[in-house]
Amino acid sequence: MKTVYFTLKNCSLSILFTLVSLVAIAQSSTQKTTNTITVTVDNLKNNNGHVMFGLHTNSTWLKGPGLKNEMTTIVNGKATITFKDVNPGTYAILVLHDQNDNKQMDFDNGMPIEDYGMSNNPMSFGPPIYNEAKFSVTDKDLELNIRL
């Protein structure tokens, strides 16, 4: 009889450890692995057109669309978007106020005629530079304010 009791006791402990392990695995699988980046531009000159946002890596910067791209309307000189499901890494954001809604930056004699900005708000007197705009995404959601 003692042997049976000992076996049942070991069996109960084994079941308990299995359940604890399953709960730990379930909790780790539900932990957040991606983040959101909410970007606000609040100094737009007017409500014309839309604001375009591009989330870039060094390999996509100024070479076309970003990894993620969003476009939104302007309300009272302000536009806000949220990039969802962003993996940890290094990124930069480029913003364009597309006043005429042609989905591209317009130039006159090689100079941009529509306002643009980038993450970290560097003062740039030339093409936007990735290293000045880059930031890191780790394990927290981010809120950025970009000035044009």
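The values are calculated or read from the model by the stated rules, or taken from the named source; none is laboratory data. No experiment lies behind these values; they were computed from the predicted model shown. We place every Cβ from the backbone using ideal geometry, glycine too, and count neighbours over all the protein chains shown. The protein model used for the area step is the full one, side chains on, heavy atoms only, and it has no ligands, DNA or RNA in it. Shrake-Rupley method; radii C 1.70, N 1.55, O 1.52, S 1.80 Å.
General observations
- In a fully extended conformation the segment linking N48 and D85 would gain 10.4 nm over its present Cα-Cα distance, using 0.36 nm per residue.
- Among the protein heavy atoms, those of D85 account for about 100 Å² of accessible surface (1.4 Å probe, every chain in place).
- Put simply, the amide H of E114, placed in the peptide plane, has neighbours under 5 Å in D106, leaving out anything fewer than 5 places away on its chain.
- Normalising by residue count, the range 78-148 has a Cα convex hull of 105 Å³ per residue.
- Accessible surface of the range 83-148, 1.4 Å probe, proportion on carbon and sulfur as whole %: 50
- To the nearest 10, the accessible area of F53 is 10 Å² with a 1.4 Å probe.
- Efficiency of FRET from Cβ geometry, T33 and L62, R₀ 35 Å, rounded to 0.05: 0.75
- Less than 5 angstrom separates the built amide H of D141 from those of T36, all sequence-distant by 5 or more or on a different chain.
- For the range 118-125, backbone phi angles converted through the Karplus equation (6.51, -1.76, 1.60; θ = phi - 60°) give residue-by-residue couplings of 8, 4, 6, 6, x, 7, 10, 10 Hz, Gly and Pro being listed as x.
- Amide H contacts of L148: N43, each under 5 Å away and 5 or more positions distant or on a separate chain (H built 1.01 Å from N in the peptide plane; Pro and chain starts excluded).
- Each Lys and Arg Cβ is given +1 and each Asp and Glu Cβ -1; about its Cα centre, the range 57-129 then shows a dipole of about 320 debye.
- Normalised per residue, the accessible area of the range 30-108 is 54 Å², obtained with a 1.4 Å probe and no contribution from ligands, DNA or RNA.
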